[in-house]
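Read through the structure below, which is laid out as structure tokens, and then see the notes.
The values are calculated or read from the model by the stated rules, or taken from the named source; none is laboratory data. Predicted model, so just to flag it, every value in this text is computed and none were measured. For accessibility, only protein heavy atoms count, side chains too; no ligands or nucleic acids. Shrake-Rupley method; radii C 1.70, N 1.55, O 1.52, S 1.80 Å.
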Amino acid sequence: MCSCHRTTSRAQLGLSLPQAPLHCIKPDSVYVVPSSEGISGAAVTMENVAIFDSPGKGRGLKATKEFWAGDVIFSEPSLAAVVFDSLAERICHSCFRRQEKLQKCSQCKFAHYCDRTCQRAGWAEHKQECGAIKAYGKAPNENIRLVARLMWRLDKEGSVVSDMQLITVEELEDHVADMQEDEIKELKVDIHNFLDYWPRNSKQHTIDDISHIFGVINCNGFTVSDQRGLQAVGVGLFPNLCMVNHNCWPNCTVILNHGNQSAVNTMFHSQRRIELRSLGKIAEGEELTVAYVDFLNLSEERRRLLKTQYFFDCQCDYCKNGTKDDLKLAGREVDGVKPSEQQVKEATDYCFQKLETMDKARLDGDYHQVVKICRDVIDRTEPVLADTHIYLLRMWSTLSEVQAYLQYFNDAAEYSRKMVEGYMKLYHPNNAALGMAAMRAGVNHWQAGLIEVGHGMVCKAYAILLVTHGPTHPITKDLEAMRMQTEMELRMFKQNEYVYHSMRDAALQNKPMTMLHEPKGVEEGIKNLFHRRK
């Protein structure tokens with residue numbers, strides 16, 4: 001994806017660590033794409049792709065056959081993955097599912113599992129880690145844990161762990177030479193702590209090799225979501241995915257398939273894996289691309305993020321031409337009359353200033369203050385700013401989420417509908433963020449008793465997530481059940497509206513709705529595929 005080089009040694013640099021995405025391959029490496037039997041649980045092989053030199057990007061992957069929307073181009077299990085430090089006690093360290101009650105490893109007291117089945121399934125990865133944590137006296141941070149898991153596996157199995165692996169960790173670019181001074185300092189601390197943590201009876205490695213692995217994780221760490229795909233809960237390394245280059249308007253998306261780990265006998269489990277899925281028709285020979293950052297950012301901001309986090313200058317047409325930037329900062333046109341540039345600027349500046357205040361109130365859990373701020377901004381700027389203005393969309397999104405949490409469902413429905421209408425004018429029609437927003441709007445309308453609009457939103461979300469997530473993903477299955485439920489209720493509503501509302505009210509009284517999850521910031525969601533250390 002970028003001009004890749006590795007000329008500066010770690011001895012010259014000192015040493016540090018952060019987090020960016022995947023694409024960077026050493027230009028002098030030679031690759032052969034092997035045949036394969038495919039991954040457990042997926043009838044897809046790496047024969048669908050070929051490595052090639054992508055103009056201006058370095059090496060990339062291209063399709064060797066034609067694909068259509070929703071096709072799985074390839075699947076890949078992680079070389080290693082770990083749960084985030086902040087969620088270590090709330091997420092299973094084997095299946096990465098969120099559970100109310102988890103069982104703690106009796107030895108290290110750090111790893112948590114759903115049950116003995118998950119503990120047995122995760123023992124191969126945790127065995128050496130368990131002893132190291134006991135000897136060290138505590139669990140190190142997520143980056144050190146991931147580096148250690150990677151090195152234990154590579155020491156045991158070698159640099160190529162399956163015939164489907166297209167590239168080794170050694171061949172991935174680390175970009176240590178491109179790190180800023182503060183990142184180098186962080187890397188030094190991490191390597192120092194890693195050396196204290198790494199057992200003396202494990203194979204010993206040079207500082208150069210250790211710093212390379214840290215740099216690879218920094219440039220290629222992929223965000224691992226929970227089983228429903230709603231929250232980032234960990235980070236892992238998927239070498240083949242590292243070869244898929246970025247485009248702001250990509251032809252593919254990546255989702256995590258947790259596989260099946262419910263069987264008591266672990267031999268019947270299928271692997272946790274990423275799936276690269278086509279967003280539309282892809283011709284044979286066409287390059288495969290994914291988006292490293294959210295398209296809702298302005299082109300200038302996307303370029304800045306890609307340069308600072310992933311060390312390359314984006315040359316896609318959407319960045320070069322500033323495509324849709326005008327819509328993202330547009331004024332509202334009513335009957336052919338537009339506000340002045342000064343009015344739009346003042347409304348934009350006011351909106352931007354209030355975003356920080358709103359975010360702070362949300363992080364503090366002061367949701368009534370969030371509502372007050374959002375309403376004030378919306379009342380003042382909605383008459384001036386277009387429904388595609390990104391700051392106004394942020395306000396609508398946050399207000400709808402908070403009002404749903406507070407169970408003011410009519411308000412939540414109204415603002416989530418506006419949000420979806422704006423997103424539809426900006427995002428790719430099969431963008432996962434659009435699908436998730438439509439799902440949220442559908443749920444809000446259903447909860448508000450607006451069954452017709454709710455059913456339409458749920459159907460739209462289902463159609464998008466069939467492409468981005470596939471029919472077997474838990475969130476798609478939930479949507480299918482929801483679609484059938486709203487369809488049944490809609491038929492009842494059309495037959496007798498009074499009876500429908502009476503039955504609905506009675507059902508809700510008998511089975512009160514549980515509170516929704518607390519609203520989270522956009523940065524805590526799943527819009528960015530690749531883990532970046534904050």
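Remark: relative contact order (the range 324-484) = 17 percent; criterion is Cα-Cα distance under 8 angstrom and separation of 6 or more residues. Averaging the Cα positions of each part gives two centres, and for the range 381-445 and the range 154-212 these lie 42 Å apart.
Could you give the alpha-carbon Rg of the range 59-164 over 2.2 N^0.38 Å, rounded to two decimals?
Details: Rg = 16.7 Å, N = 106, 2.2 N^0.38 = 12.9 Å.
Output field value: 1.29.
Only alpha carbons enter this Debye calculation for the range 396-444, each as an equal point scatterer, and the log10 of I(q)/I(0) it gives at q = 0.13, 0.23, 0.30, 0.31 Å⁻¹ is -0.25, -0.71, -1.05, -1.10. Amide H contacts under 5 Å for Asn251: Thr289, restricted to partners 5 or more places along the chain or on a different chain, H placed in the peptide plane at 1.01 Å from N. In terms of accessible area, using a 1.4 Å probe and ignoring ligands and nucleic acids, Ser106, Ser502 rank largest first as Ser106, Ser502. Which whole-number percentage describes the relative contact order of the range 297-336, with Cα contacts under 8 Å and a sequence gap of 6 or more? Value for the range 297-336: 42 percent. Of the residues Met488, Met358, Met436, ranked by 1.4 Å probe accessible area with the largest first, the sequence reads Met488, Met436, Met358. Let me know the shape class of the range 409-503, please: from the alpha-carbon gyration tensor, a ≥ b ≥ c as square roots of the eigenvalues, rounded when a/c is under 1.5, otherwise prolate if a/b is greater than b/c, or oblate. Cα axes put the range 409-503 in the oblate bin.
Of the cross-linked pairs Lys185/Lys360; Lys127/Lys203; Lys104/Lys127; Lys328/Lys425, those separated by over 19 Å at the C-alpha level are Lys185/Lys360.
Expressed as a fraction of 2.2 N^0.38 Å, the C-alpha radius of gyration for the range 324-484 is 1.08. Counting only protein heavy atoms and using a 1.4 Å probe, the accessible area of Lys62 comes to about 70 Å².
In units of 2.2 N^0.38 Å, what is the alpha-carbon radius of gyration of the range 79-237? Mind dumping the intermediate values first?
Working: Rg = 15.5 Å, N = 159, 2.2 N^0.38 = 15.1 Å.
With N residues counted in the range 79-237, Rg over 2.2 N^0.38 Å equals 1.03.
When Trp123, Trp249, Trp198 are compared by accessible area at a 1.4 angstrom probe, the order from most to least is Trp123, Trp249, Trp198. Couplings 3J(HN,Hα) for the range 100-111, derived from phi with the Karplus relation 6.51 cos²θ - 1.76 cosθ + 1.60 (θ = phi - 60°), are 5, 10, 10, 9, 8, 4, 6, 8, 8, 6, 10, 5 Hz, where x marks Gly and Pro.
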